[in-house]
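Trainee: Have a look at the structure that comes next, please.
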Amino acid sequence: MAQLTIRPVETTRDRKTFVDLPFRLYADDPNWVPPLKGEALGLITPEKNGWFSHAKAQLFLAEEDGRVVGRISAHIDTLALTMPAEQGFGPGVGQWGLMDAEREDIFQALLARAEEWLRAQGMTRALGPVSMSIWEEPGLLIQGFDHPPTIMMGHAKPEYRAWIEAAGYACVKRLMTYDVDITKPFPPIVQRIIQSGEKNPRIRVREVDKRKFEEEAAIILGILNDAWSDNWGFVPLTPPEIEDVGVKLKPIVFNDLIRIAEVDGRPVAFMITLPDLNEAIAPLGGSLLPFGWAKLLLWLRHPKVKTVRVPLMGVVKAMQSSRLASQLAFMMIEYIRKASAENYGAVRGEIGWILEDNQGMVSIAETLEGDINKVYQVYARDL
């Protein structure tokens, strides 16, 4: 019988092996989107990921007779440790993620090793999967295996849910994405709300100006950190992370897909929409060579996509739960809906992820006649 060993990732070659494993495990899954390997390596390399400026991680590989059969990350975010416990993180809460395995016994051995590392670091509770920041790919997919994920959303094997729960983990939060038909106008009630807003001289909804990328990003970040500060799982973005995100997302930032709403000249809300980059990278098999880079560059010049995703939107806390907040949201959504369909050929929008108990956002998605198309769960247990 082959002997299973779990060992830490220590070298550049180990990190490449860590990144390569899912390409084999998901080779027969038509709905798994191979990430660009350079991006996946950057995520787990401290020198290339600003998240490591306030976090540390240990990666592990599982091997049988020299063959890699599983992987996991264990990590601690020092900013997350300072957050209120009722918001999901807080003192003593470590995380794990980036987990894949051929069999359940391998899965359990990896999870036990990650927990052992977290205990040695003084952690008293483990939460996961979070890969690796809450701003990246949190949660385990439990519904929506029949279609590929959009940009910056995760995919997983259906059996992982039972394996995690067998290890004593309980769901602490559900995250949902909503599928919205954007080929037709929204319901009459939404149109009336938008028309009323357009008559209000205090309101201005504008496109961002990519030529002023840093200035616009600072405005959005200010609203984001205020709007999301009371949300479950919130950890403020730091300057090194913002710089990294800017580098990654700038090529798929288009003025007409990102809006800032102003009231009396003050920015109070924003909505970010991205063309689904996964549609372009799925055929590349994780590599830009030999001709993938040219195909991607051509696509980026003027992307045509089936789907656009809304990963982030927010309204300053002082206005949340107000009628004006909903009005601004619907106005931004409608303007971006038109731009997405007319300028990029999109037929569907995906809103999320949305916390299951975020009543404001759930109400907006339902008013738009959106349907839940994917559900993710975050699990935790005491160590």
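Rule-based calculations on the coordinates, nothing more; no lab input. As the structure is a prediction and not an experimental result, all values here were calculated from the model. Cβ coordinates were reconstructed from backbone atoms using ideal geometry, including for glycine residues, and neighbour counts include every protein chain displayed.
Trainee: For each of Ser321, Ser340, count neighbouring Cβ atoms within 10 Å of the residue's Cβ, then give the residues from fewest to most. Intermediate results must be reported in sequence, preceding the final value.
Mentor: Details: Ser321 10, Ser340 25.
The order, fewest Cβ neighbours first, is Ser321, Ser340.
Trainee: Counting other beta carbons within 10 Å of each residue's own, what order do Thr12, Thr367 fall into, fewest first?
Mentor: Numbers: Thr12 10, Thr367 17.
Fewest to most other Cβ atoms nearby, the residues stand as Thr12, Thr367.
Trainee: Right, next: Could you run the Karplus curve 6.51 cos²θ - 1.76 cosθ + 1.60 with θ = phi - 60° over segment 248-253 and give me ³J(HN,Hα) per residue in whole Hz, x for Gly and Pro?
Mentor: In residue order, the calculated couplings are 6, 8, 3, x, 10, 8 Hz.
Trainee: What's the local net charge at Gly345, with K and R +1, D and E -1, over the other residues with C-beta under 12 Å away? Each step should come with its number before you reach the end.
Mentor: Working: positive: Lys304, Lys306, Arg348; negative: Asp276, Glu279, Glu342.
Net charge in that neighbourhood comes out at 0.
Trainee: How big is the equivalent ellipsoid of segment 179-374 along its three axes, where each semi-axis is √(5λ) from the Cα gyration tensor, reported in whole Å from largest to smallest?
Mentor: So the equivalent ellipsoid measures 27, 20, 17 Å along its semi-axes.
Trainee: For the pairs Lys304/Lys374; Lys173/Lys199; Lys16/Lys338; Lys212/Lys338; Lys48/Lys338, flag any whose C-alpha to C-alpha distance is greater than 30 Å. Write out the running numbers ahead of the final one.
Mentor: Details: Lys304/Lys374 23 Å; Lys173/Lys199 40 Å; Lys16/Lys338 42 Å; Lys212/Lys338 24 Å; Lys48/Lys338 37 Å.
Distance filter (> 30 Å) returns Lys173/Lys199; Lys16/Lys338; Lys48/Lys338.
Trainee: OK, next. Within segment 347-379, find all residues whose amide N lies under 11 Å from a label point positioned 7 Å from the Cα of Arg192 along Cα-to-beta-carbon.
Mentor: Those under the cut-off are none; the list is empty.
Trainee: Based on the Cα atoms of the chain, what semi-axes does the equivalent ellipsoid have, where each is the square root of 5 times one gyration tensor eigenvalue, given in whole Å with the largest first?
Mentor: After scaling each eigenvalue by five and taking roots: 36, 23, 19 Å.
Trainee: Output wanted: per-residue J couplings in Hz (rounded whole) for segment 223-240, from phi through Karplus 6.51 cos²θ - 1.76 cosθ + 1.60, θ = phi - 60°, x for Gly and Pro.
Mentor: 5, 4, 5, 7, 5, 9, 4, 9, 6, 4, x, 5, 9, x, 6, 9, x, x
Trainee: Multiply the residue gap between Ala112 and Thr183 by 0.36 nm, knock off their C-alpha separation, and tell me the result in nm, one decimal place. Mind showing how you got there, number by number?
Mentor: On the way: separation 71, 0.36 × 71 = 25.56 nm, distance 4.78 nm.
Result: 20.8 nm gained on full extension.
Trainee: Then there is this: Nearest 500 deg cm²/dmol is fine: what mean residue ellipticity at 222 nm does the chain get from its DSSP H runs of n ≥ 4 alone, each adding -39,500 (n - 2.57), divided by its residue count?
Mentor: Calculated from helices alone, the mean residue ellipticity at 222 nm is -10500 deg cm²/dmol.
Trainee: Report the full-extension gain for the segment Glu262 to Glu86: residue separation times 0.36 nm, less the Cα-Cα distance, to one decimal in nm. Display every interim value, and only then the final one.
Mentor: Details: separation 176, 0.36 × 176 = 63.36 nm, distance 3.17 nm.
Going from the current span to full extension adds 60.2 nm.
Trainee: For Trp96, Trp51, what ranking results if the residue with the fewest other Cβ atoms within 10 Å of its Cβ goes first?
Mentor: Working: Trp96 27, Trp51 23.
Lowest to highest Cβ neighbour count: Trp51, Trp96.
Trainee: Counting only C-alpha contacts under 8 Å and six or more residues apart, can you give the relative contact order of the chain as a whole percent?
Mentor: Numbers: 683 pairs, mean separation 89.2, N = 383.
Computed value for the chain: 23 percent relative contact order.
Trainee: Sticking with this structure for a sec: So, with +1 on the Cβ of K and R and -1 on the Cβ of D and E, and no other charges, what is the size of the charge dipole of segment 209-360 about its Cα centre, to the nearest 20 debye?
Mentor: Working: 17 positive and 19 negative charges, 127 e Å.
The dipole magnitude comes to about 600 debye.
Trainee: Can you work out the Karplus-derived ³J(HN,Hα) for every residue in segment 133-142? Use 6.51 cos²θ - 1.76 cosθ + 1.60 with θ = phi - 60°, whole Hz, and x for glycine or proline.
Mentor: Once rounded to whole Hz, the list reads 8, 4, 7, 9, 10, x, x, 9, 5, 10.
Trainee: Still on this structure: Order these peptides, 280-290, 56-66, by their mean beta-carbon neighbour count within 10 angstrom, highest first.
Mentor: On the way: 280-290: 14.6, 56-66: 17.6.
For the peptides 280-290, 56-66, the packing ranking is 56-66, 280-290.
Trainee: Here's a follow-up. Work out, step by step, the length gained on full extension between Gln359 and Gln320: first 0.36 nm times the residue separation, then minus their alpha carbon distance; give nm to one decimal. Walk me through the intermediate numbers first.
Mentor: Numbers: separation 39, 0.36 × 39 = 14.04 nm, distance 1.13 nm.
Extra length from Gln359 to Gln320 when fully extended: 12.9 nm.
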